[in-house]
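Please read the structure below before turning to the comments.
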Amino acid sequence: MEVRIAAANSSMALHLYNTLSGKIEEFHPLRDNQVRMYACGPTVYDYGHIGNFRTFIAVDLLYRFLRQSGFDVRYVMNITDVDDKIIRNAARDGVTVQQYTAKYEQAFLEDSATLNIERPSLVRATEYIREMAEFIAKLVEKGIAYRTEDGSYYFRIAKFPGYGKLSKKDFAGMEDGARVDVDEYDKDNARGFALWKAPKPGEASWETPIGPGRPGWHIECSVMSMKQLGSSFDLHAGGEDLIFPHHENEIAQSEALTGEPFARYWFHTRFLLVEGEKMSKSLGNFYTIRDLVLKGHKPSSIRWLLTSVPYRNQLNFTFDGLKSAASSVEKLRNFRFRLTGAQFPAGANPAMAQLASETAERMKAALEDDLNTAQAQAAIFDMVRKANAALDAGEVRSEDVRPLLSALEKFDEIFGVLKDDDQPKMAAILDWARAVGREKEASPELIEIAGSAQLSDDQVNQKLTEMEAARKARNFKVSDSLRAELSAAGIIVENTKDGVRWRRK
Ligand code: AMP
Ligand code: ZN
């Protein structure tokens, strides 16, 4: 017995893969139980795609699980509202940078809400330009950065011996001073990277104490994360493409300035593939959240699919996968309805409380194991399968409902798919499509769901209760008309031996 308890306790801690150490490590924040985490957010020059949202949802899951585990979490995400592409596009369209990005920032917030992503503290790069200039001035003072004739500033990689420690690239023997002019550069030529870029004619720039210009992308995140979270904080997240050069450069700038370790745990998500290929506009497999909803897919199915593969494994996004995601979500919602929509005999079946508590433990263990979402989902489905069998056999008692539901709620605190709000979200996207002239793309499925099913779960349950009461009172006129009303709202009602069940078309 003692041995079992000891074993259970030792595994009761979150373990995460840390790109910096290259190992799975037990996660402990620097200060008590306060977690300070930062994620690289979107560059708001276009609508976000499902790859971006794979990463944002993975970090959302981490955030939710940290809180469920009792941590007090401060989660900051930046909005990159200035970069070369944004400045170029704004100049091309003859608008200010702010005017150009406002629309895409709004779209990002809406898409995040569509996918039930909890809102981090958001910071915009353009609101930290002065701090960025000050940061660069200090690096110049220390001899780590230098100014070029045109008024740009570069970081001297050779002055930071730890360069390469995150991406495990070897930069030994590089020459000081050589440089390239872009954020994306080839590693054989990597001697320095841009901190600040001199203004280009006709393009936006900022007046600062280090001269006019615009910040490089990497400096944005160093400055915003340290301003918000302090010079050493717990966790930094982003997609795997950011390991090099973006995060490597963030570490170099920050640690060269402060002499302290920057972020302690580095959390990177694996890139998503679509139908087995890298997503790209030219292959025609590039999807935004809105594209998928226009095709009639529910936000909850998209969220489910994006969480179903652990964040470090390859996720291959397919339309078949999206269909089976929809049926997984429906199974869980139906199970919940079976539990809440029926009357059970008094008493308790101890096997059910046991099943619920084992499930909660399995989910926790799975998520503590480097956020193994697939195992956590498998645990809840095992519970649903066993509990459904017990329901079929009439072995569920009234006191079993609460523990089973609470395991389901615990699951949904992390996965966030049970709230039945797909319909209003889809209706909003249909409205948007009409406003921007994309209504032709709206599939019949979307039009049907968005247009017809206007009843919430609660309203459906209420109508079903009324329908049952009318039927028992042999008032068939009323019960038939309620059934017709539900059917018109896209609700399918099924009579089973333990009561009435429903689902959406
Ligand atoms: P961006 O808007 O391009 O700055 O990217 C925002 C976030 O999405 C970053 O963390 C990227 O690493 C991540 N990201 C971009 N493409 C993908 C993809 N195909 N799969 C997963 N994450 C991605
Ligand atoms: Zn960043």
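Summary table below
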item	result
Count - residues of segment 75-99 that are open to solvent by less than 20 Å² (accessible area, probe 1.4 Å) and more than 16 Å from ligand 2 (Cβ to nearest atom)	3
Neighbours by Cβ (under 9 Å, 6+ apart or cross-chain): first from segment 207-221, at negative phi and open to solvent by 20 Å² or more (accessible area, probe 1.4 Å); second within 11 Å of ligand 2 (Cβ to nearest atom) and in a strand (DSSP E or B)	Trp217/Thr43; Trp217/Thr80
Output for segment 26-41, where each listed residue is assigned to a strand (DSSP E or B) and either within 16 Å of ligand 1 (Cβ to nearest atom) or open to solvent by less than 50 Å² (accessible area, probe 1.4 Å) (or both)	Val35, Arg36, Met37, Tyr38, Ala39
Strands (runs of 3 or more DSSP E) wholly inside segment 193-274 that include at least 2 residues being more than 16 Å from ligand 1 (Cβ to nearest atom)	233-239
Single residue of segment 223-240 satisfying the filter (of a type in the set (Gly, Ala, Ser) and more than 13 Å from ligand 2 (Cβ to nearest atom)) that is surrounded by the fewest Cβ atoms within 10 Å (Cβ to Cβ)	Gly230
Residues satisfying the stated conditions in segment 241-287, i.e. surrounded by fewer than 18 Cβ atoms within 10 Å (Cβ to Cβ) and under 15 Å from Ser167 (Cβ atoms)	Asp241, Phe244
Scope segment 100-127; condition in a helix (DSSP H, G or I) and within 14 Å of the chain's Cα centre (by Cα); matching residues	Phe108, Leu109, Glu110, Asp111, Ser112, Ala113, Thr114
Options Ala469, Ala484: the member that is among the aliphatic types (A, V, I, L, M), farther than 30 Å from Ile289 by Cα and modelled with pLDDT under 85	Ala484
Within segment 120-152, tally of residues that are free of Cβ contacts under 8 Å to residues at least 60 places away in the same chain and surrounded by fewer than 21 Cβ atoms within 10 Å (Cβ to Cβ)	9
Matching residues in segment 464-505 - criterion: being in contact (Cβ under 8 Å) with a residue 12 or more places away in the chain, crowded, with 17+ Cβ neighbours inside 10 Å and farther than 22 Å from Leu332 by Cβ	Met467, Ala470, Ser479, Leu482, Arg483
Filter result (of a type in the set (Val, Ile, Thr) and closer than 19 Å to Gly213 by Cα) within segment 80-117	Thr80, Val82, Ile86, Ile87, Val95, Thr96, Val97, Thr101
Condition met for Gly70 (over 29 Å from Met279 (Cβ atoms), out of contact with any strand residue (DSSP E or B) (no Cβ under 6 Å at 6 or more places or on another chain) and open to solvent by less than 60 Å² (accessible area, probe 1.4 Å))	yes
Failed item in (1) in contact (Cβ under 8 Å) with a residue 12 or more places away in the chain; (2) within 30 Å of Glu439 (Cβ to Cβ), with Asp320 passing the rest	(1)
Flag for Tyr45 being farther than 24 Å from Val436 by Cα, within 16 Å of ligand 2 (Cβ to nearest atom), not in a helix (DSSP H, G or I) and not β-branched (Val, Ile, Thr)	no
Residue match in segment 15-23 (condition: in a strand (DSSP E or B), without any contact (Cβ under 8 Å) to a residue 60 or more places away in the chain and open to solvent by 50 Å² or more (accessible area, probe 1.4 Å))	yes
Boolean, Glu220 is at pLDDT 95 or above and either more than 16 Å from ligand 2 (Cβ to nearest atom) or touching a Phe, Trp or Tyr at 6+ places or on another chain (Cβ under 9 Å) (or both)	yes
Which numbered condition Lys295 misses (of (1) under 21 Å from Val123 (Cβ atoms); (2) in contact with a helix residue (DSSP H, G or I) (Cβ under 8 Å, 6 or more places away or on another chain); (3) more than 16 Å from ligand 2 (Cβ to nearest atom))	(1)
Some residue of segment 441-457 being under 28 Å from the mean Cα position of the chain (by Cα), of a type outside the set (Gly, Ala, Ser), open to solvent by 60 Å² or more (accessible area, probe 1.4 Å) and closer than 21 Å to Ile57 by Cα	no
Residue match in segment 314-327 (condition: within 16 Å of ligand 1 (Cβ to nearest atom), open to solvent by 30 Å² or more (accessible area, probe 1.4 Å) and under 15 Å from the mean Cα position of the chain (by Cα))	no
Hey, Val95 away from ligand 1 (no atom under 16 Å from the Cβ) and part of a strand (DSSP E or B) or not	no
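Condition check ((1) more than 16 Å from ligand 1 (Cβ to nearest atom); (2) modelled with pLDDT of 95 or more) across all residues:
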{"site": "Glu2", "(1), (2)": "yes, no"}
{"site": "Asn18", "(1), (2)": "yes, yes"}
{"site": "Gly51", "(1), (2)": "no, yes"}
{"site": "Arg54", "(1), (2)": "no, yes"}
{"site": "Ile57", "(1), (2)": "no, yes"}
{"site": "Phe65", "(1), (2)": "yes, yes"}
{"site": "Gly70", "(1), (2)": "yes, yes"}
{"site": "Asp84", "(1), (2)": "no, no"}
{"site": "Leu109", "(1), (2)": "no, yes"}
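Quick grid of which residues meet (1) aliphatic (A, V, I, L, M); (2) modelled with pLDDT under 95:
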| position | (1), (2) |
| --- | --- |
| Leu235 | yes, no |
| Ile251 | yes, no |
| Thr269 | no, no |
| Ser280 | no, yes |
| Gly284 | no, yes |
| Ser324 | no, no |
| Ser328 | no, no |
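The values are calculated or read from the model by the stated rules, or taken from the named source; none is laboratory data. On a predicted model such as this, the values are computed, not experimentally measured, just so you know. Positions of Cβ are backbone-derived with ideal geometry, glycine not excepted, and every protein chain shown enters the neighbour counts. These accessible areas exclude ligands, DNA and RNA; they are computed on the full protein's heavy atoms, side chains included. Shrake-Rupley method; radii C 1.70, N 1.55, O 1.52, S 1.80 Å.
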